[in-house]
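One structure is given below, encoded as structure tokens.
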Amino acid sequence: MDTEPDFYSDPQVIADPRSYFDLKRTSGPVSFEPHHGTVMVTGYDAALEVLTNKDHAYSSACSVVGPIPGLPFTPSGADIHDQLEEHRREMPWADHLVCFDGKKHAEHRALLGNLLTYKRLKQNEDYLRSLADRLIDSFIVNGRCNVVPEYAHATTTYAISDLMGIPMQDRAELLELIGAPPSQVAGDAVHKIGPDPLIFMKPRFDQYLRERLEQPRDDLMSELAHATFKDGSKPDFDTVSGLARFLFGAGQDTTSRLIAMATLILGGNLELQQRLRREPSRIPDFIEEVLRYDAPVKVAYRLALVDTTIGAMAVPAGTIVTVCLTGASNDPAHFPEPQRFDIDRPNLRDHMGFSRGAHGCLGAPLGRMEARIALERLLARTAEIRISEQHHGPAERRAYRFEPTYSFRSLSDLHIEFTPA
Ligand code: HEM
């Protein structure tokens, strides 16, 4: 299949990644990808096998950027653990949790693990509801809006800001600054990313943390500032600042694009809208089905550290494995008729939208809650949501723009029109 499209740069794949995953799956659940020499995993069981591997056969050192910047060393031999450790610091995102491995990863993840508790999220729920209503107030009289900047992105930035305790006066500026993460843009940009792409926020987050160290408040940043490892020792200040920046940045674009994709699907399905207005308790199932069908994170990358196998395929040490999360969530062997959007699927929560295993998304409960409240309020305040023909064309020929990133499924904009309730 050397004529297959290049997953990492082809505009057709950016526009329609699910067809690419289906095509790859025709050669088996694990297949070779000729353009960059990676291995693509599109089968559900094989994806689970890689993500939950307990033998330290894989590293997450490349988990955000995959193969495009290239490894800073030439892998040699059947075990590249030592080579990786020697060069790890040269890799993009090296300073952030999502790229850590083993014991260091488990210890640092545990520092964040207790922060997003049910109780804290519950406290945030009223704020989220009033935020959604305020945002809707600002565009409801127009009968139209661009969901991505006007609703989805604002919701997620303000939500994590409120949880963390970021001062009101800083929030709008941070919303501007954070934008979409630059990490997955195909082309040159990715080569320039250092070990900490969020470094530009460091002075600000250092300041927030110092204030909390002196005087704790009732916010997540204070808990993080005072968090200790399991043995009672304290992480150093820069480590905590890195975790705070990552927590702030990690879930904004993803949750925002989930809200946008969910609205796109609703806009094309009036029957489903009416059902969810009648039965709002099914909105969480609707969100799970969006995460299965066309999730914000398309893939997660792993680096094979030893000669290994996935399913029946031999994978040499040094190979980058692209675990196609959306491919796995659309594997007909696990989800019958995967192209059918169906909130009544008995196993819809099995999807891979939040990945699995040691690195499975820590913010999933927050992402789910933000999306639920945003959609509950949008459905409650409208009688009908329609996709704008002016911007996206007639129903038979809709056209949407997606950000040219090879890891995210990121709608650039989504124009809707609606009849207020
Ligand atoms: C719908 C929204 C979201 C989606 C689809 C999503 C997806 C993901 C995925 C696929 C991973 C795993 C990457 C891998 O296996 O290499 C991940 C990790 C992570 N996510 Fe999310 N995420 C979302 C929202 C959030 C939110 C709101 C937060 C926090 C406020 C968050 C924090 C994290 C963190 C800290 C990790 C790293 C976990 C680790 O490496 O141990 N995410 N997310």
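The values are calculated or read from the model by the stated rules, or taken from the named source; none is laboratory data. Please read these numbers as outputs of a predicted model, since none were measured by experiment. Methodologically, a virtual Cβ is constructed for each residue, glycine included, from the backbone with ideal geometry; neighbour enumeration extends over all protein chains shown.
Tally the residues that are touching a Lys or Arg at 6+ places or on another chain (Cβ under 8 Å) and among the charged types (D, E, K, R), restricting the search to region 239-267. Talk me through it step by step, then tell me what you get.
Here is the first cut: in region 239-267, the residues touching a Lys or Arg at 6+ places or on another chain (Cβ under 8 Å) are 241, 245, 257, 261, 267.
The next check asks that each one be among the charged types (D, E, K, R); those that pass are 245, 257.
Residues that pass the stated criteria total 2.
Would you check if there is a residue in region 17-26 being at pLDDT 95 or above, touching a strand residue (DSSP E or B) at 6+ places or on another chain (Cβ under 7 Å) and crowded, with 16+ Cβ neighbours inside 10 Å?
The initial filter retains those residues of region 17-26 that are at pLDDT 95 or above, namely 17-26.
Then drop every residue that is not touching a strand residue (DSSP E or B) at 6+ places or on another chain (Cβ under 7 Å), which leaves 21, 24.
With crowded, with 16+ Cβ neighbours inside 10 Å added as a condition, the list becomes 21, 24.
Yes - at least one qualifying residue is present in region 17-26.
Condition (residue is at pLDDT 75 or above, under 27 Å from SER407 (Cα atoms) and within 16 Å of the ligand (Cβ to nearest atom)) applied to region 209-231: is it met by at least one residue?
At the first step, the residues of region 209-231 found to be at pLDDT 75 or above are 209-231.
Then keep just the ones that are under 27 Å from SER407 (Cα atoms); that gives none.
Within region 209-231, none of the residues are at pLDDT 75 or above, under 27 Å from SER407 (Cα atoms) and within 16 Å of the ligand (Cβ to nearest atom).
Yes/no matrix, rows are residues, columns are (1) modelled with pLDDT of 95 or more; (2) more than 10 Å from the ligand (Cβ to nearest atom); (3) within 30 Å of TYR158 (Cβ to Cβ):
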| residue | (1), (2), (3) |
| --- | --- |
| ALA304 | yes, yes, no |
| PRO316 | yes, yes, no |
| SER329 | yes, yes, yes |
| ASN347 | yes, yes, no |
| GLY360 | yes, no, yes |
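Return the total of residues in region 394-421 being surrounded by fewer than 17 Cβ atoms within 10 Å (Cβ to Cβ), in contact with a strand residue (DSSP E or B) (Cβ under 9 Å, 6 or more places away or on another chain) and farther than 27 Å from SER63 by Cα.
Going through region 394-421 one residue at a time, the tally reaches 5.
Suppose the filter is at pLDDT below 95, within 11 Å of the ligand (Cβ to nearest atom) and of a type in the set (S, T, N, Q); does THR156 pass it? Please lay out each step first, then the result.
Details: at pLDDT below 95: yes; within 11 Å of the ligand (Cβ to nearest atom): yes; of a type in the set (S, T, N, Q): yes.
Yes; evaluated as a whole, the condition is true for this residue.
Take region 135-168 and flag every residue that is under 13 Å from LEU247 (Cα atoms) and not hydrophobic (A, V, I, L, M, F, W, C).
Within region 135-168, the first condition is being under 13 Å from LEU247 (Cα atoms), and the residues that meet it are 156-157, 159-166.
Scanning region 135-168 gives THR156, THR157, SER161, ASP162, GLY165.
Can you tell me which residues in region 335-352 are over 12 Å from LEU48 (Cα atoms) and either aromatic (Phe, Trp, Tyr) or surrounded by 18 or more Cβ atoms within 10 Å (Cβ to Cβ) (or both)? I'd like the intermediate steps shown before the answer.
The first filter runs over region 335-352 and keeps only residues over 12 Å from LEU48 (Cα atoms), leaving 335-349.
Result: PHE335, PRO338, PHE341, ILE343, ARG345, LEU348.
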